Amino acid sequence: MNKQKGFTLIELVMVIVILGILAATALPKFVDMGSDARSAVMKGVEGAMRGANTIVYARAAQTTGALTAGPTNVTVGGATVSVVYGYAANAVELAKVMDLEPAASFDKGVTVNTEIRHLSATTPASCKIGYTAATAVAVPQYAQTLGGC
């Protein structure tokens with residue numbers, strides 16, 4: 001009688017399944033998805049800044065008519081916002097009309113009034129959206145710094 005040596009197909013499949021289950025449970029412990037999530041949140045914050053500033057501009061054009069160097073105050077959604085050339089004068093003013101939640105996760109221009117930072121980041125100073133106010137010849141500028149998220 002000829003005796004065969006080796007593993008059966010069922011045994012091999014079971015080993016592969018067990019290794020797959022172990023990898024699926026251990027992988028999240030080694031991969032930090034928080035950094036990617038905070039980067040994505042800050043990209044969303046930039047979009048919110050752009051949208052809020054468009055609304056501020058529309059309100060300033062409606063109420064003042066002349067979009068001057070200012071600063072001029074306009075009321076948007078119950079908040080009084082200081083504007084320059086129709087746009088928010090700085091990140092603090094812009095944050096007044098933004099709904100950033102949870103509020104404790106963001107430095108809304110308090111530390112530096114030209115940026116909004118994510119306070120839960122590894123390095124909040126390197127996880128931010130910078131804001132440069134409008135000038136007579138340029139619309140506001142937004143700059144992502146996401147290296148420390």
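The numbers here are math on the coordinates, done by the rules we state, and not lab data. Keep in mind the model is a prediction, meaning the values are calculated, not measured. Here Cβ is always computed from backbone atoms with ideal geometry, including for glycine, and neighbour counts include all displayed protein chains.
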Which whole-number percentage describes the relative contact order of the chain, with Cα contacts under 8 Å and a sequence gap of 6 or more? 18
Pick from A95, A133, A58 the residue whose mean-square fluctuation is largest in a GNM of the chain, springs joining Cα atoms under 10 Å. A58
Counting other C-beta atoms within 10 Å, and keeping those with at most 16, which DSSP coil chymotrypsin sites (Phe, Trp or Tyr not before Pro) do you find in the stretch 1-74? F7
Full-extension gain in nm, A61 to I21, via 0.36 nm per residue minus C-alpha separation: 8.5 nm
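Given +1 on the Cβ of Lys and Arg, -1 on the Cβ of Asp and Glu, and no further charges, what dipole in debye does the stretch 34-145 carry about its Cα centre, rounded to the nearest 20? Please list the in-between numbers first.
Working: 8 positive and 7 negative charges, 16 e Å.
For this selection, approximately 80 debye.
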Which value in deg cm²/dmol, rounded to the nearest 500, describes the helix-derived mean residue ellipticity at 222 nm for the chain, given -39,500 (n - 2.57) per DSSP H run of n ≥ 4 and division by the residue count? -13000 deg cm²/dmol
Enumerate the amide H contacts of F106 below 5 Å, restricted to partners 5 or more residues apart or on another chain; note that Pro and chain-start residues carry no placed amide H. L119
The chain, Gaussian network, Cα under 10 Å: of A103, A24, A79, the residue fluctuating most is A24
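Taking the Cβ-Cβ separation of T145 and V31 as r and a Förster radius of 25 Å, what is the calculated FRET efficiency to the nearest 0.05?
On the way: r = 23 Å, r/R0 = 0.92.
Approximately 0.60, to the nearest 0.05.
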Under a 5 Å amide H to amide H cut-off, with H placed in plane at 1.01 Å, what residues pair with N73 once short-range neighbours are removed? V83
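With r defined as the distance between the Cβ atoms of V112 and T135 and R0 fixed at 25 Å, what FRET efficiency is calculated, to the nearest 0.05? Each step should come with its number before you reach the end.
Details: r = 19 Å, r/R0 = 0.77.
Between V112 and T135 the formula returns 0.85.
If you rank M14, M49 by fewest surrounding Cβ atoms within 10 Å, what's the result? Intermediate values should be presented prior to the final figure.
On the way: M14 12, M49 22.
Listed from fewest to most nearby Cβ atoms, that is M14, M49.
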Would you look at the GNM of the chain, springs on alpha carbons closer than 10 Å, and say which of L22, L119, L94 moves the most? L22
For A40 and A69, extending 7 Å from Cα along the Cα-Cβ vector and measuring point to point gives, in nm, a value of 4.5
What the 10 Å binned alpha carbon P(r) of the chain shows, as percent of pairs per bin from 0, is 11, 31, 20, 12, 8, 7, 6, 4, 2, 1, 0
